[in-house]
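Everything on this sheet refers to the single structure shown next.
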Amino acid sequence: MNPCDAQHFSVFYEKNAQSLFRYLYYTFGKEAEAQDIAQNVFVKIWEQCHKIDGTKIKTLIYTMARNEALNIIKHEKVVLEFSATSPDRNNQEYQTPEFLIEQDEFKSKLEKALSSLKPEERQVFLMNRMDGMKYQEIADNLGLSVKAVEKRMHHVLVALRAQIKGFNR
Amino acid sequence: MEEQETYLSDWLDGSMNDQALKALVGEAEFREYQSITDELNRWKAPVFQGDLTFLEQPKNKEIPVRALWVRWSVAASVLLAIGLFVFQGFSKQVIATTGEELVYVLPDQSTATLSPGSELSFSSWGFAWKRTISLRGQAFFKVAKGATFTVESDQGFTQVLGTEFTVHSRGNYYQVRCFEGSVEVKIDQNKFVLAPYQWVDNLNQAVERFEGAENSPLSYWSVPLSVVLADIEAVYGVEIDRTVVQPSWIFTGKLDHDNLNQALNQALWPFNLEYKFVSEHKILLQPTQ
């Protein structure tokens, strides 16, 4: 693609802005900062479009976003929060108060467990689970091998299960 | 052994089915994995709020901003160079030390703009008849019309009549870029003639085109990364351990003059490298992640 062509650029933006923002959120857990950084990356690309190799642009935006985030976001404890869709209203079994409380508890345990993972593992896992990105695509965007992505996916699920078991004890 | 397994990633992307995973880990463990993925399916991530309005605004024109100390050092250097010219006799040596850029006016009114950590020398006696300069480092030349003007370096010769060009000679590397007129370059036994916006170096030894009219000190067209890093060392007075840098890595682009971190980022990101200060002036490079 030609990053200096407004048409090309907006298609690229529509396709990638959401994922880039989410990548930042999954990695650093600061929503407002992630919004700003993702937007800034695209503004920078647009302003400096003539210096940019259109074939490497996808990996580039992830690298730029990461570098900028590391400059801006202090090393604090990551707190991830997600909203959840309400449970199936037609199924009576899933509407009992006990079930709802249990589900809430499980949600916060899982959020806590995710927050305690290494950022580079969490980001890969959530890009696949929440955004439905294929391993190959994640690998390309982040400059990793598919094998590395697979290892992280596996390890995260192992770690999440262990953590949640730990909370139950 | 456990660390090498990736069956859960196979299950997560559907290349292993539920039955197979159950058979492998047992019913109870399978349920626990499934409750995690089910819970995640219920979740929604926050939504990006950005917009494309910036496409309609005119772009910020990039005006290179030079730090005050650079201006002063340029001014001081010119004065110093003139002083040297008055007091010294036949052989002139002009040195731009680490961190300073120097504009030097030659006796024939040609100008040489030396990048930091570069030096040139010439014989002031008879310069008007035989315009020959030796150069180590990088310099941009604006040559007044007249007799043949020659720039000698260890790796090659460049000859012109009246033109604008850049010679970059750092370590074993030698590159010439022509901005105006025509330039003749001799590398080893080969002779090349450059038209405007053509360049040649001693690695490829072939004439090729470049784009953009930049001739500021830290602007590059197809230069080995190790040479770029040597320039950064000269400009900022640091030492960079570049054992990870491959000779085949070629850089094109422009670096900041007055912000070391920016310059390093600009040079390194295309190669997926990051840097670390091991002491105040020593920098170590390593692959990202």
Rounded to the nearest whole number, the per residue volume of the convex hull around the C-alpha atoms of the stretch B:2-42 in Å³ is 74 Å³
Which of B:Glu152, B:Glu56, B:Glu39 moves most in a GNM of chain B, Cα contacts under 10 Å?
B:Glu39
Computed from the mean reciprocal separation of all distinct C-alpha pairs, what Kirkwood hydrodynamic radius does the protein assembly as shown have, in Å?
26.1 Å
In the protein assembly as shown, carbon and sulfur make up what percent of the accessible area (probe 1.4 Å)?
52 percent
Return the calculated 222 nm mean residue ellipticity for chain B, to the nearest 500 deg cm²/dmol, obtained by summing -39500 (n - 2.57) across DSSP H runs with n ≥ 4 and dividing by the residue count.
-7500 deg cm²/dmol
Roughly how many whole Å is it from the C-alpha centroid of the stretch B:155-215 to that of the stretch A:24-61?
36 Å
For chain B, modelled as a Gaussian network with Cα springs under 10 Å, which listed residue fluctuates most, B:Val223, B:Val78, B:Val244?
B:Val244
What accessible surface, in Å², does a 1.4 Å probe find on B:Phe277, ignoring ligands, DNA and RNA and rounding to the nearest 10?
90 Å²
So what is the calculated 222 nm ellipticity per residue for chain A, using -39500 (n - 2.57) for each DSSP H run with n of 4 or more, over all residues, to the nearest 500 deg cm²/dmol?
-23000 deg cm²/dmol
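Relative contact order for chain A: what is it in percent, counting Cα pairs under 8 Å that are at least 6 residues apart?
23 percent.
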Please compute the contact order of the stretch B:218-289 in relative form: average sequence separation of alpha-carbon pairs under 8 Å and at least six residues apart, divided by the residue count, as a percent.
34 percent
A:Ala32 versus A:Met1, label points 7 Å from Cα toward the beta carbon: distance in nm?
3.0 nm
Only helices at least 20 Å long along their axis, Cα-based, and averaging 0.0 or more on Kyte-Doolittle count here, so list those DSSP H runs from chain B.
B:68-87
Partner shielding of B:31-43, taken as the mean number of other chain Cβ atoms within 10 Å, equals 6
First measure r as the distance between the Cβ atoms of B:Gln109 and B:Gln286, then evaluate 1/(1 + (r/R0)^6) with R0 = 56 Å and state the FRET efficiency to the nearest 0.05.
0.70
In a Gaussian network model over chain B where Cα atoms closer than 10 Å are linked, find which of B:Trp249, B:Trp129, B:Trp11 has the largest mean-square fluctuation.
B:Trp11
Give me the residues in the stretch B:266-285 whose solvent-accessible area, probe 1.4 Å, is reduced by at least 30 Å² once all protein chains are included instead of the chain isolated.
B:Trp269, B:Asn272
Determine the shielding of peptide A:33-42 by partner chains: average, over its residues, the number of Cβ atoms on other chains within 10 angstrom of each Cβ.
3
May I ask you to compute the full-extension gain from B:Gln246 to B:Ser124, defined as 0.36 nm times their residue separation minus their alpha-carbon distance, rounded to one decimal in nm?
39.8 nm
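Which FRET efficiency value, to the nearest 0.05, is calculated for A:Ile101 and B:Lys276 with the Förster distance at 56 angstrom and r the Cβ-Cβ distance?
Calculated value: 0.70.
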Ordered by packing density, taken as the mean number of other Cβ atoms within 10 Å over each peptide's residues, highest first, how do B:226-233, B:103-110 rank?
B:226-233, B:103-110
Take the Cα radius of gyration of chain A and divide it by 2.2 N^0.38 Å, with N its residue count; two decimals is plenty.
1.20
Which of the lysines could be linked to B:Lys191 by a straight reach, that is with a Cα gap under 21 Å, when you skip same-chain ones fewer than 8 residues away?
B:Lys130
If you count, for each residue, the other Cβ atoms within 10 Å and average over each peptide, how do B:265-275, B:23-33 line up from highest to lowest?
B:265-275, B:23-33
In peptide A:147-160, how many Cβ atoms from other protein chains are near each Cβ within 10 Å, on average?
5
Assign one of three labels to the stretch A:6-72, namely rounded, prolate or oblate, based on the Cα gyration tensor with a ≥ b ≥ c the square roots of its eigenvalues; rounded applies when a/c is under 1.5, prolate when it is not and a/b is larger than b/c, and oblate otherwise.
prolate
Give me D for chain B in µm² s⁻¹, whole number, from Stokes-Einstein with Rh from the Kirkwood sum over alpha-carbon pairs, 4 °C and 1.567 mPa s.
57 µm²/s
Let's test the formula: R0 of 22 Å, r as the Cβ-Cβ distance of B:Asp154 and B:Ala76. What FRET efficiency results, to the nearest 0.05?
0.15
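The values are calculated or read from the model by the stated rules, or taken from the named source; none is laboratory data. As the structure is a prediction and not an experimental result, all values here were calculated from the model. Positions of Cβ are generated from backbone atoms using ideal geometry, with glycine treated the same way; all protein chains shown enter the neighbour counts. Please note that ligands, DNA and RNA were not included when accessible areas were found on the heavy atoms of the full protein model with its side chains. Shrake-Rupley method; radii C 1.70, N 1.55, O 1.52, S 1.80 Å.
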